[in-house]
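The values are calculated or read from the model by the stated rules, or taken from the named source; none is laboratory data. Note that the structure is a prediction, hence the values are computed from the model and not measured. Because the Cβ atoms are built from the backbone with ideal geometry, glycine has one as well, and the counts that use them run over all protein chains shown. To get the accessible areas, we keep the full protein, side chains included, count just its heavy atoms, and leave off ligands, DNA and RNA. Shrake-Rupley method; radii C 1.70, N 1.55, O 1.52, S 1.80 Å.
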Protein chains: 2
Amino acid sequence: MPLAQLPAPPYYVVTFASQRTAGDDGYGAMADAMVALAAGQPGFLGVESARGADGFGITNSFWTDEAAIRAWKANVDHLVAQRRGRADWYQAYAVRVGRIERAYGKTGD
Amino acid sequence: MPLAQLPAPPYYVVTFASQRTAGDDGYGAMADAMVALAAGQPGFLGVESARGADGFGITNSFWTDEAAIRAWKANVDHLVAQRRGRADWYQAYAVRVGRIERAYGKTGD
């Protein structure tokens, strides 16, 4: 997954770190569907995601404001995915929500 | 890498997303050394990191305040690693610094 192309700060981030349980159990398809669904939500700016062979992963999604984040959390299809995640897919996870204040980097060629 | 055990918000995050170049070229040893060095810095709270088989990775480090983040960025050994990273290890990267305002999750067993 490439770097997200984001506007200049400020904007908001949801960092979602998770340890997957063993087996797919429908996870991969749902994860893809949730990224596509999130990308269509008001206030969505971009998403970056990585997961290692040990099953530990981080997804950072970026949003214009806190209201957009709360609306996404309450999306009915997303609520179904969240329930499956808590019950079946994640041994442990942490969600942290914050305001990005500055950013810099190096773009690829 | 497990979830970081963090205090209640507020605290600060540095999200570092990167696309690795091919080959190790000293990267793995330096990455391990930088995590160990960061963990000893004033204001360090924790770190989480994941990198997929495609070479795209995210490392989120957590800090008490912006001053701690700036001091870590200016650490002389870290400056050497940053220079190697820009020149050799990262095809592209993005650093985003923000203030985490709320957090929740599910702890493992």
Can you give me the Cα centroid spacing of the stretch B:1-56 and the stretch A:50-109 in angstrom? 17 Å
Relative contact order, percent, of the stretch A:11-100 when contacts are C-alpha pairs under 8 Å separated by at least 6 residues? 51 percent
Where A meets B: accessible area buried, both sides, 1.4 Å probe, Å²: 3800 Å²
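May I ask for the net charge around A:Pro2, where only other residues with Cβ less than 12 Å from the Cβ of A:Pro2 are counted and Lys, Arg are +1 while Asp, Glu are -1?
On the way: positive: none; negative: A:Glu48, B:Asp54.
With Lys, Arg at +1 and Asp, Glu at -1, the net is -2.
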Run the label-point distances for B:Gly55 please: 7 Å along Cα to Cβ, every other copy, nanometres, shortest first. 2.9
In whole Å, largest first, what are the principal axis extents of the Cα atoms in the stretch B:11-100? 34, 25, 18
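What number comes out for accessible area per residue over the stretch B:11-100 if the probe is 1.4 Å? Units Å², please. If you can, show how the numbers build up before the last one.
On the way: 3820 Å² over 90 residues.
Dividing the accessible area of the stretch B:11-100 by its residue count gives 42 Å².
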Amide H contacts under 5 Å for B:Glu101, placed H, 5+ residues apart: A:Val97, A:Gly98, A:Arg99
Given B:18-28, A:47-57, the highest-first ranking by average Cβ count within 10 Å works out to A:47-57, B:18-28
Output, in nm with one decimal and in ascending order, the distances from the A:Ala39 label point to the matching label points of the other copies (7 Å from Cα along Cα-to-Cβ). 3.7
For A:Val80, label point 7 Å along C-beta direction: distances to other copies, nm: 5.5
Neighbourhood charge, 13 Å Cβ-Cβ cut-off, centred on A:Glu48 and excluding it, Lys, Arg +1 and Asp, Glu -1: +2
Environment charge at B:Gly28 (Cβ cut-off 11 Å; Lys +1, Arg +1, Asp -1, Glu -1): -1
Report in % the part of the accessible area of chain B that belongs to carbon and sulfur, leaving out ligands and nucleic acids; probe 1.4 Å. 57 percent
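Given charges of +1 on the Cβ of Lys and Arg and -1 on the Cβ of Asp and Glu, with all other atoms neutral, how large is the dipole of the stretch B:11-100 about its Cα centre, in debye to the nearest 20?
Numbers: 9 positive and 9 negative charges, 58 e Å.
For this selection, approximately 280 debye.
With N denoting the number of residues in the protein assembly as shown, provide Rg(C-alpha) divided by 2.2 N^0.38 Å, to two decimal places.
Numbers: Rg = 16.7 Å, N = 218, 2.2 N^0.38 = 17.0 Å.
Dividing the Cα radius of gyration by 2.2 N^0.38 Å gives 0.98.
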